[in-house]
There are 2 protein chains.
Amino acid sequence: MLRLQGEMIRGGTSKCWIFDHQDVVATGVDVDTLLLAAFNAADPRQIDGVGGASSTTSKAAVVQASAEPDVDIEYAFAQVGIGDESVEWASNCGNCATAVALYAVHRGLVPLTSDRTTVRMLNINTDARLTGTIPTPGRSAPDEGRAVVPGTNALGVPVLLGFQDPVGSTTGRALPTGHAVDTLTGPEGPVEATLVDAGAPAALFEAKAVGLEGTESLTEFAAAVPALTVLRRQAALAMGLAEEGDPVSHAVPKVGIVARPVSYRTTHGTLVAQDEYDLAVRMVSMHAPHPAIGLTSAVALATAAAIPGTLAHRVARQTADGTLRLGTPAGVITAQAVPAPDGASPTVLLHRAARRIARAELLVPVLEGRPA
Amino acid sequence: MLRLQGEMIRGGTSKCWIFDHQDVVATGVDVDTLLLAAFNAADPRQIDGVGGASSTTSKAAVVQASAEPDVDIEYAFAQVGIGDESVEWASNCGNCATAVALYAVHRGLVPLTSDRTTVRMLNINTDARLTGTIPTPGRSAPDEGRAVVPGTNALGVPVLLGFQDPVGSTTGRALPTGHAVDTLTGPEGPVEATLVDAGAPAALFEAKAVGLEGTESLTEFAAAVPALTVLRRQAALAMGLAEEGDPVSHAVPKVGIVARPVSYRTTHGTLVAQDEYDLAVRMVSMHAPHPAIGLTSAVALATAAAIPGTLAHRVARQTADGTLRLGTPAGVITAQAVPAPDGASPTVLLHRAARRIARAELLVPVLEGRPA
């Protein structure tokens, strides 16, 4: 039975297991084999492993110090299979990035030189650069804090997550088609779309184009998912992310609807007044309504809302300081675009929370590189 | 942030967190507060805690050496709430008992004096006495083994789990009504029942009484659950477990159907031939088909099948050595009744498996006895 050190850390609304790259290498076992066995990915209930048997609790990251300039640490994000012996390395996860930042300050992977420490991170799945800024009062790494994020009442250490130069990360352009608004063909005819690439590629529609207000409950919004699934495919083709004949991706681009703010109730029943947020948004996650919003989608929204002519700009309340408060089913998530030097696109900042849940020695049932 | 040592151990088809009683006491925090915070019970997704957000992965046990004669260790079993800030201490869990036994041999709570160690356990929730016998070759505690249980393909350390003197644990009698067969009134009229108390109180019916064969899939068996729910209430009254006017319990007694063995397929599609088992059984868990069978229910079945005149005895293949192979939806679970000294009822043995998944230091968000 192989032993592996790891930390279970909540990042926002995800639970991530974080491993040190050197510890992984020292096992002599390839990382996929290791994660599949540690999580018991083969079992839909992950009953013999550390996984939580849901997409937000079957995540891992492998972290190491970086030799890249202006980068402290680099990490690989893994979405570990559930009843499926596969590990997916194709995407980044903003929630796990906050967990990685907290891990880094605790493990001494960055020097704590003041009461506030910024961890400069490179996500090696997507080449995205992120920063995680954490209070380190008295140059010590914190275990607790008073920060909360929509989707959980749990308190955590505040992590200011920054997506560096997020524009065009996949296609090279903020607006891959060159237009602020395109017209796609949905199941019921032509629909206006804003196709944007920042954080992740995203296709945004006005809520009214699919007969909604943009402040629907998850159940109500579910009715629009089939139409948005058709539109996602059209958007993928228009953005050059897929070609006719390619298999249909249910993950790329992100897809959702936007609308002007009106008061609504969150999934937990809290009233959100019209003036408490700037843009109503309902996103699709694969085949279902997203309970809140993915952080890379939030970056796409913040970027689109700042570009005159886009659908997001058309309906979002404009603010002076680049702040955009997104009204999601789980509550309000605030993104802020701040100018960056050297011609880079604005950094998008998100206020998040993370908490170390457990430090552990995992007993992993692999033997000489093979599951035991 | 409070720190607490714990071990995540799979016992059979459950995942249990095991804690040392002394460590719990040392925190100065009451155990309910500790578990609610450690598991993030308030959240239906348990996203800020070590819980797995399902009934089989939101379990804990607190273990200590025992001063009782003939007992090595005693443990309290906790079913921790999921989206519900409550800890239920009313029942025992056979799967967690196997995890506790493995914990005990690793923590030095029993001397390893030979190649096989028996841990004598007292479950303080129910006063049940159990034994867990584990191979300890060379007087060392094992981390791995080749044992499997129905419901998971994972390998584990073999644990021979014994329920000591299980008869009458709740009512004092094997047959609380004094009859091997009673007649209850179901939704469609009178139905024969065997009401037995061993391991747990259980109400057993012939499959054909509810129009079934006893080898149905979970989906097919689900159709009988409403009728069995009505019958469970009638059985509770007949067994003296409840009185008219009491709230209806969906947990007590255990309820299910039995039938003669015929070949069937498990949930995973494996064919089980007629001669590979002795008694077909489909149990209800609260409001739904049980995916396999609870271990205390298996004890009730093994006891009933050994008493002439009961419905279980009527349809079970009789074996010479007290072995009873139960054909459950997940596969075959073998129970063996062996004679006990001193007038005690036969010990019921079950072949199970356990595996240590992780040793951890939990960071528990409680402060001076209150959630932080």
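The values are calculated or read from the model by the stated rules, or taken from the named source; none is laboratory data. Only a predicted model underlies this, so the values are computations on that prediction, with no experimental measurement involved. Cβ atoms come from the backbone with ideal geometry, glycine included; neighbour counts cover every protein chain shown. We work out accessible area using only protein heavy atoms, side chains counted, and drop any ligands, DNA or RNA first. Shrake-Rupley method; radii C 1.70, N 1.55, O 1.52, S 1.80 Å.
Among the residues of the range B:11-20, none qualifies, meaning not one is open to solvent by 50 Å² or more (accessible area, probe 1.4 Å) and in a loop (DSSP other than H, G, I, E, B). Among the conditions (1) away from chain B (no Cβ under 14 Å); (2) surrounded by fewer than 24 Cβ atoms within 10 Å (Cβ to Cβ); (3) of a type in the set (Ser, Thr, Tyr), the only one that A:Tyr75 does not satisfy is (2). State whether one or more residues within the range A:320-328 are within 25 Å of A:Cys96 (Cα to Cα), at pLDDT 95 or above and open to solvent by 50 Å² or more (accessible area, probe 1.4 Å). Yes, the conditions are met somewhere in the range A:320-328.
When A:Ser58, A:Ser54 are screened for being within 14 Å of another protein chain (Cβ to nearest Cβ), within 30 Å of A:His290 (Cβ to Cβ), open to solvent by less than 10 Å² (accessible area, probe 1.4 Å) and under 18 Å from the mean Cα position of the chain (by Cα), only A:Ser58 passes. Just so you know, in the range A:180-204 the residues that are in a loop (DSSP other than H, G, I, E, B) and closer than 18 Å to A:Ser345 by Cα include one that is modelled with the highest pLDDT, and it is A:Ala180. Note on the range A:25-51: residues that are over 21 Å from A:Ile73 (Cβ atoms), among the aliphatic types (A, V, I, L, M) and more than 14 Å from every other protein chain (Cβ to nearest Cβ) amount to 1. On the given criteria, is A:Gly151 open to solvent by 10 Å² or more (accessible area, probe 1.4 Å) and over 19 Å from the mean Cα position of the chain (by Cα)? For A:Gly151, the condition - open to solvent by 10 Å² or more (accessible area, probe 1.4 Å) and over 19 Å from the mean Cα position of the chain (by Cα) - is not met.
Residues checked against (1) within 14 Å of another protein chain (Cβ to nearest Cβ); (2) under 17 Å from B:Met8 (Cα atoms); (3) among the acidic types (Asp, Glu); (4) in contact with a Cys (Cβ under 9 Å, 6 or more places away or on another chain):
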{"site": "B:Ala101", "(1), (2), (3), (4)": "no, yes, no, no"}
{"site": "B:Val110", "(1), (2), (3), (4)": "no, no, no, no"}
{"site": "B:Met121", "(1), (2), (3), (4)": "no, no, no, no"}
{"site": "B:Thr126", "(1), (2), (3), (4)": "no, no, no, no"}
{"site": "B:Arg129", "(1), (2), (3), (4)": "no, no, no, no"}
{"site": "B:Ala141", "(1), (2), (3), (4)": "yes, yes, no, no"}
{"site": "B:Pro150", "(1), (2), (3), (4)": "yes, no, no, no"}
{"site": "B:Asp165", "(1), (2), (3), (4)": "no, no, yes, no"}
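Residues in the range B:327-344: is at least one acidic (Asp, Glu) and more than 14 Å from chain A (Cβ to nearest Cβ)? The answer is yes; a qualifying residue exists. Taken residue by residue, the range A:209-220 has at least one member that is within 21 Å of the chain's Cα centre (by Cα) and part of a helix (DSSP H, G or I).
When the range A:48-91 is filtered for residues that are over 20 Å from A:Thr33 (Cα atoms) and in a loop (DSSP other than H, G, I, E, B), the ones remaining, listed by number, are A:Ser66, A:Ala67, A:Glu68, A:Pro69, A:Asp70, A:Val71, A:Asp72.
The set of residues in the range B:171-208 that are of a type in the set (S, T, N, Q), touching a Pro at 6+ places or on another chain (Cβ under 8 Å) and surrounded by fewer than 18 Cβ atoms within 10 Å (Cβ to Cβ) contains only B:Thr183. In the set (1) within 8 Å of another protein chain (Cβ to nearest Cβ); (2) closer than 25 Å to A:Asp143 by Cα; (3) modelled with pLDDT of 95 or more, A:Gln22 fails one condition alone, (1). Of all residues in the range B:27-42, those that are in a loop (DSSP other than H, G, I, E, B) and either within 20 Å of B:Ala358 (Cα to Cα) or open to solvent by 20 Å² or more (accessible area, probe 1.4 Å) (or both) total 4.
Just one of the listed residues (A:Asn125, A:Asn95) is open to solvent by 30 Å² or more (accessible area, probe 1.4 Å) and not in a strand (DSSP E or B), and it is A:Asn125. Which strands (runs of 3 or more DSSP E) sit wholly inside the range A:279-364 and have at least 2 residues that are of a type in the set (Val, Ile, Thr) and over 29 Å from B:Gly49 (Cβ atoms)? Passing ranges, in order: A:347-364.
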